[in-house]
Amino acid sequence: MVLAKNYLQRLISCTPGDIEEKITKLINEIDECRKNNNVVYICGNGGSAANALHISNDLHYGACKNAKNSRGIKVEALASNTSILTCLGNDLGYEQIFSHQVERKGMKGDMLLVLSGSGNSKNIINAIEVGRKKEMKTIGIFGYDGGICKNLVDIAIHFDVNDMQISEDWQLIVGHICMQEILIRSKQG
């Protein structure tokens with residue numbers, strides 16, 4: 001099947017040379033949150049919102065299900081509460097649906113992981129800006145050219161590909177790598 005072969009080639013060909021280093025940094029930040037009882041907040045729009053929920057589930061349960069002496073990871077996908085999203089979208093505007101939550105919930109030492117294909121969504125930009133003001137660690141997984149967000153976050157994991165589906169695939173792949181490594185670490189204490 002030509003389409004499948006081409007898709008897989010594009011998925012692999014956009015892998016950046018520093019991917020292991022960047023994913024290791026992300027894993028270390030998540031593990032610091034676990035050890036220090038800080039919260040990992042994750043946000044994205046559309047398919048990236050669905051990936052945020054998926055990754056938060058993996059980090060909450062999968063990464064720490066056999067942990068020794070660990071409370072696990074405190075993690076929240078900011079797109080998970082439709083009442084909050086629709087309230088904030090209606091009253092403050094869609095651009096504030098994540099930043100308002102980060103402002104109210106986020107604390108110094110927490111982490112904000114943003115998922116975005118383009119890196120140009122105003123609600124993601126606003127969330128990063130608020131997270132930085134609150135001295136949270138900001139990390140993003142981006143496709144396309146990385147957009148505005150690529151230069152706003154502390155750590156940018158960027159896949160230079162003009163394909164939303166491949167961008168979203170990489171979000172989950174990175175999330176799954178993190179989950180499996182945190183699972184190993186959480187068993188060690």
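Go through segment 121-146 residue by residue and tally those that are under 16 Å from Glu76 (Cβ atoms), touching a Ser or Thr at 6+ places or on another chain (Cβ under 7 Å) and open to solvent by 10 Å² or more (accessible area, probe 1.4 Å).
Qualifying residue count for the region: 1.
Within the set of pairs 6 or more residues apart or between chains, which connect a residue that is closer than 13 Å to Tyr144 by Cα inside segment 1-18 to a residue that is open to solvent by 70 Å² or more (accessible area, probe 1.4 Å) and part of a loop (DSSP other than H, G, I, E, B) with Cβ atoms less than 9 Å apart?
That search, which allows pairs on different chains as well, returns Cys14/Asp160; Pro16/Asp160.
For Ser118, indicate whether it is more than 13 Å from the chain's Cα centre (by Cα) and crowded, with 23+ Cβ neighbours inside 10 Å.
no
Working carefully through the options Asp58, Asp18, find the one that is surrounded by fewer than 16 Cβ atoms within 10 Å (Cβ to Cβ), more than 24 Å from Val130 (Cα to Cα) and among the acidic types (Asp, Glu).
After ruling out the rest, the residue left standing is Asp18.
May I ask you to list the residues in segment 33-49 that are in contact (Cβ under 8 Å) with a residue 12 or more places away in the chain and either of a type outside the set (A, V, I, L, M, F, W, C) or open to solvent by 40 Å² or more (accessible area, probe 1.4 Å) (or both)?
Listed by number, the residues that qualify are Arg34, Asn36, Asn37, Asn38, Tyr41, Gly44, Asn45, Gly47, Ser48.
Go through (1) within 18 Å of the chain's Cα centre (by Cα); (2) crowded, with 16+ Cβ neighbours inside 10 Å; (3) over 22 Å from Ala156 (Cβ atoms); (4) at pLDDT 95 or above one by one and return the number of the condition Lys105 breaks.
Unmet condition: (2).
Which one of the conditions (1) touching a helix residue (DSSP H, G or I) at 6+ places or on another chain (Cβ under 6 Å); (2) assigned to a helix (DSSP H, G or I) does Ile139 fail to meet, given that it meets all the rest?
Result: Ile139 fails condition (2) only.
Considering only segment 32-83, state which residues are in contact with a Lys or Arg (Cβ under 9 Å, 6 or more places away or on another chain) and part of a loop (DSSP other than H, G, I, E, B).
Within segment 32-83, Asn37, Asn38, Ala63, Cys64, Asn66, Ala67, Lys68, Ser70, Arg71, Gly72, Ile73, Leu78 qualify.
Any idea which residue in segment 143-164 is farthest from the chain's Cα centre (by Cα), counting only those that are in a helix (DSSP H, G or I) and without any contact (Cβ under 8 Å) to a residue 60 or more places away in the chain?
Looking at residues that are in a helix (DSSP H, G or I) and without any contact (Cβ under 8 Å) to a residue 60 or more places away in the chain, I get Asn151.
Condition check: over 16 Å from Ala50 (Cα atoms) and open to solvent by less than 40 Å² (accessible area, probe 1.4 Å). Does Val161 satisfy that?
Yes; evaluated as a whole, the condition is true for this residue.
Based on this model, can you work out whether Ile30 counts as at pLDDT 95 or above, of a type outside the set (D, E, K, R) and under 22 Å from Met164 (Cα atoms)?
So Ile30 does not fit the description; no.
Look through Asn28, Asn6 and report the one residue that is out of contact with any helix residue (DSSP H, G or I) (no Cβ under 9 Å at 6 or more places or on another chain), part of a helix (DSSP H, G or I) and farther than 21 Å from Thr138 by Cβ.
Just one listed residue meets the conditions, Asn6.
The values are calculated or read from the model by the stated rules, or taken from the named source; none is laboratory data. In this text the structure is predicted, and so the values were computed from the model without any measurement. FYI the Cβ positions are ideal-geometry reconstructions off the backbone, even for glycines, and counts take in every protein chain you see. Surface areas here come from the heavy atoms of the whole protein model, side chains and all, with no ligands, DNA or RNA. Shrake-Rupley method; radii C 1.70, N 1.55, O 1.52, S 1.80 Å.
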